[in-house]
Amino acid sequence: MESDHNITIQLVQKCRQGDIKAQFSLYKRYSGAMYNIAMRLTNNKMDAEDILQESFITAFNQLMELQKESAFGNWLKRIVVNNCIGFLRKSKVYFEDITEQIQAENMEEEPLIEDTIDPAKIHHAIKELPAGARTILVMHALEGYKHREIAEMLAISESTCKTQYKRALSLLNKKFKNPIHVN
């Protein structure tokens, strides 16, 4: 049985040769995960669907620029995230620097999610966060981007990024009235 890694490499190579079936196979393989990223960042089903489609079109049009076929998933994820950021900018999402509103001692903690809280409730609460705080929380806690990377992508200061992240955690803590911590 062939590994997923090798299948992706072969599909990318076929896509570069114009194979429509290979494009559809790559789409089926990655669309679910990429949709989830877009949905978490935009918080809107129709916008997430549009961004997903735009991202795949971009990826297939720029496939020759991809250096390593094995990196397709990460490359596509970056396209999706960048398209979401572009959408958020057009939607006038504001990443407010609220450093003074967050206490210094809270800035030092780097907490973990409690196992006792229902993940569905956490997911719902994240969807209700202000767009700026939600975006940064999703990018850092769920997608694994470092604050420095997020700050560069959003054209904000690293301090603002960290502050928005802490604001998101604080709002979630208030919602559940007990600490929610994220790595």
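The values are calculated or read from the model by the stated rules, or taken from the named source; none is laboratory data. Bear in mind that the values here come from a model prediction, so they are computed numbers and not experimental data. So basically every Cβ, Gly included, is an ideal-geometry build from the backbone, and we count neighbours across all protein chains shown.
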- Among the listed residues 41, 63, 76, which satisfies the condition of being touching a helix residue (DSSP H, G or I) at 6+ places or on another chain (Cβ under 8 Å) and closer than 16 Å to residue 138 by Cα? 41
- Of the residues that sit in segment 60-75 and are in a helix (DSSP H, G or I) and either in contact (Cβ under 8 Å) with a residue 24 or more places away in the chain or in contact with a strand residue (DSSP E or B) (Cβ under 8 Å, 6 or more places away or on another chain) (or both), which one is nearest to residue 144 (Cα to Cα)? 73
- Quickly run through segment 32-53 and pick out the residues that are assigned to a helix (DSSP H, G or I) and surrounded by fewer than 17 Cβ atoms within 10 Å (Cβ to Cβ). 32, 33, 36, 45, 46, 49, 50, 53
- Message: The conditions are (1) farther than 30 Å from residue 50 by Cα; (2) among the polar types (S, T, N, Q); (3) modelled with pLDDT of 55 or more, and residue 91 fails exactly one of them. Which is it?
- Response: (1)
- Task: Identify all residues within segment 17-74 that are within 19 Å of the chain's Cα centre (by Cα) and on the phi > 0 side of the Ramachandran plot; write none if there are none.
- Result: 43
- Query: Across segment 119-163, what is the total count of residues that are among the charged types (D, E, K, R), touching a residue at least 24 places away in the same chain (Cβ under 8 Å) and assigned to a helix (DSSP H, G or I)?
  - Reply: 4
- Of the conditions (1) surrounded by fewer than 16 Cβ atoms within 10 Å (Cβ to Cβ); (2) in contact with a Gly (Cβ under 9 Å, 6 or more places away or on another chain), residue 88 clears all except one; give me its number. (1)
